[in-house]
Amino acid sequence: MSTVLPAQEEATSALDRVRALESEYLLQNYARYPLLLDHGKGCYVYDSAGKRYLDFITGIGVNALGHAHPRLVKVIREQAGRLLHCSNLYFNAYQGPLAERLAKVSGLQRTFFCNSGAESMEGALKMARAHGHKISPDKFEVVALHNSFHGRTLGALSITGQEKYRHDFEPLLPGARFVPPNDETALEQIVNERTAGIVIEWIQGEGGIFPMSIEYVRKARELADRYDALLVFDEIQCGVGRVGKYFAYQLSDPVVLPDVMVAAKPLACGIPLGVIVANDRAAQSIGSGMHGSTFGGGPLACRVALEFMDILDELLPHIDKMGCYFRAKLEELQKQFSFIRQVRGQGLMIGVDLSFPGKQIVLDAMEQGLLMNSTHETVLRFLPPYITTEKEIDRAIAILKRVFKLAAKRGDAHSD
Ligand SMILES: Cc1ncc(COP(=O)(O)O)c(C=O)c1O
């Protein structure tokens, strides 16, 4: 006779089975939260027992339209039945229109399609190297910022300004030079004729949601022009609508345009897609046969991205409005809980800096049905879907309030 387990027990054993398999057969590089996700709808995901979670991390900023968005489901179904992949040996109908769209919204001219953030950064680094190489063999240095994050491949890692990601893989690419963010004098001292590129995240994401000042980025633009280097903006986390503009650099007025911009995460809402978008000067550095990708720019990913761009056009003001609403509510919480040091961010990219490590808060919130993560040890990171409304934000705030009360009672802020 079979015993019927209650849903939660069944889910726990399903999680245990998956965990056991993974511990035997997967590289042990991820520290996952104990949650087996099954499906999603709108702003919510459901675990294998059917428990509902408000998804305010969206697969680290990827599921921009939440889950199972009807328009995306429709085009994915349709395209899966037509053509999934054809390589870059041939044309497909969607790369050209998507590249045209990206040119219109970015102010840059030419796109290269790839599959992830790190891959787009690799290509941008090759552009900077090739650009420098044309001028002088000594022009190969890339200036990047302390506390930055640009990806896990060797090139991207070489310009990632966080020791903890780099130290196991040294020696990395030669020529990476690091400066503190928002320090114009330090930047001026390090950029010179040997500089091939300057790479900046407008808002450092993994580093704890730290924005760059507009003056700093203007200085970077001026120095890149003075020394004929490429200015590269990493918009992988802060771009493609996340801050209520197409790209975070459009928060500046007049806009500080880069030579090269890389984006990925939300671009095809969960189908892997990354891009390098470059002005003509930077694009000229890559000639025939100098770069490529088997999967990059496949018809499925590009078609989904085009559909997403259509929807995004109308969502931008909403993202800004919801971001203001969420931040205001978090600032109210800050008044009630002295361990909240700062609320930072723009649009729907928000960090809440605590005076103690955020991991337990993340676990408690998960238990209560809210997903976010903690980055840079003490920062709670929220990357809600662009379709979020005040209703979901109120729900998130109510959960956070309960969780913060628990933390205050436990004395988390005084545990060190
Ligand atoms: C700013 C930034 N650059 C690059 C990356 C790397 O992207 P991916 O994980 O898609 O390779 C990330 C990922 O979090 C990121 O936030």
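The values are calculated or read from the model by the stated rules, or taken from the named source; none is laboratory data. Note that the coordinates shown come from a computational prediction; the quantities given were computed from them, not determined experimentally. Neighbour counts are summed over all protein chains in view; Cβ atoms, including those assigned to glycine, are modelled from backbone coordinates with ideal geometry. Side chains are part of the model used for accessible areas, which takes the heavy atoms of the whole protein and leaves out ligands, DNA and RNA. Shrake-Rupley method; radii C 1.70, N 1.55, O 1.52, S 1.80 Å.
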What percent does the relative contact order of region 202-309 come to when contacts are Cα pairs within less than 8 Å and at least six residues apart?
-> 20
Roughly speaking, what is the centre-to-centre gap between region 1-53 and region 315-366 when only Cα atoms are used, to the nearest Å?
-> 28
Within a Gaussian network of the chain (alpha carbon springs, distance under 10 Å), most fluctuating of 113, 169, 178 = 169
Put a dot 7 Å past each Cα toward the Cβ at residue 325 and residue 77; how far apart are the dots in nm?
-> 3.0
In square angstrom, what is the accessible area per residue of the chain with a 1.4 angstrom probe?
-> 46
Project the alpha carbons of region 246-371 onto their principal axes and report the range along each, largest first, in whole Å.
-> 59, 37, 30
Taking 0.36 nm per residue of separation between residue 164 and residue 89 and subtracting their Cα-Cα distance, the length gained on full extension comes to 23.0 nm
Residues whose modelled amide H sits under 5 Å from the amide H of residue 370, counting only those 5 or more places away in sequence or on another chain, are 54
Can you tell which of 388, 153, 111 shows the greatest fluctuation in a Gaussian network model of the chain with Cα springs below 10 Å?
-> 153
Just the projected area, averaged over all directions, of the convex hull on the alpha carbon atoms of region 46-195: how many nm²?
-> 14.1
Protein accessible area in region 332-374, 1.4 Å probe - carbon and sulfur % = 41
Distance histogram for region 223-283 (every C-alpha pair counted, 5 angstrom bins, percent rounded to whole numbers) = 4, 19, 25, 24, 16, 9, 3, 1
Under 17 Å from the Cα of residue 41 - lysines, other chains or at least 8 residues apart = 51, 74, 391
Taking the Cα atoms of region 179-327, report the difference between the largest and smallest coordinate on each principal axis, in whole Å and largest first.
-> 47, 43, 27
Calculated Rg and Dmax of the chain using C-alpha coordinates, Å = 22.0, 79
Sorted from largest down, give the three principal axis spans of the alpha carbons of region 1-106, whole angstrom values.
-> 59, 31, 30
If contacts are Cα pairs under 8 angstrom and at least 6 residues apart, what is the relative contact order of the chain in percent?
-> 20
If you plug each phi of region 195-210 into the Karplus form 6.51 cos²θ - 1.76 cosθ + 1.60 with θ = phi - 60°, what whole-Hz ³J(HN,Hα) values come out, in order, with x for Gly and Pro?
-> 6, 9, x, 10, 10, 9, 8, 4, 10, 5, x, 3, x, x, 6, 10
As a percent rounded to 5, the proportion of antiparallel DSSP bridges among beta bridges in the chain is 65
